[in-house]
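The values are calculated or read from the model by the stated rules, or taken from the named source; none is laboratory data. Keep in mind that what you see is a predicted model, and the values were worked out from it rather than measured.
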Amino acid sequence: MKKKIITEKELPIVEDVLTKWSGKLTWPAFAEALAKRLNRASISTFTLMGDAGIKQAFQRRKKTLKDAKSQMTSETGDVTIDALLKENSELKGQIDHLKAEHSVKEKIWKETFIRWQYNLSQMPNVDMSKLQQEIDKPFHKTDRDA
């Protein structure tokens, strides 16, 4: 009779390792994590695959991880590094566009201000020193003013 590597007492530990698993689940990674948890030097992946109960539990967990990933992908979009790099690049492009747009608008406002200032200086009876005075009241209407 073949020696049983994983005992009945250790099966709950196997299930616990699988339940708490996150990320990509592979037989070698699982065997290594289980060996650490059971304080063993190593456990063969073939030994684990040879146990029907462990194999079924492994396949179920792998399927739930895959389903969770695909659900997350469909809800939030692709979460791969490539997708994040693409999004980052697009956001940088938007920032550059907004900076350029802001610069153009700032130039237009500056030119408008200078034109108004010049035109006011050419009007008779306009005291240019009064144009520089601080405003006592808020410049824009508030909800209370309406």
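Brief remarks follow.
- Flag for Lys86 being at pLDDT 85 or above and of a type in the set (Lys, Arg): no
- Exactly one residue among Ile43, Ile13, Ile54 is part of a loop (DSSP other than H, G, I, E, B), at pLDDT 85 or above and of a type in the set (Val, Ile, Thr), and that residue is Ile43.
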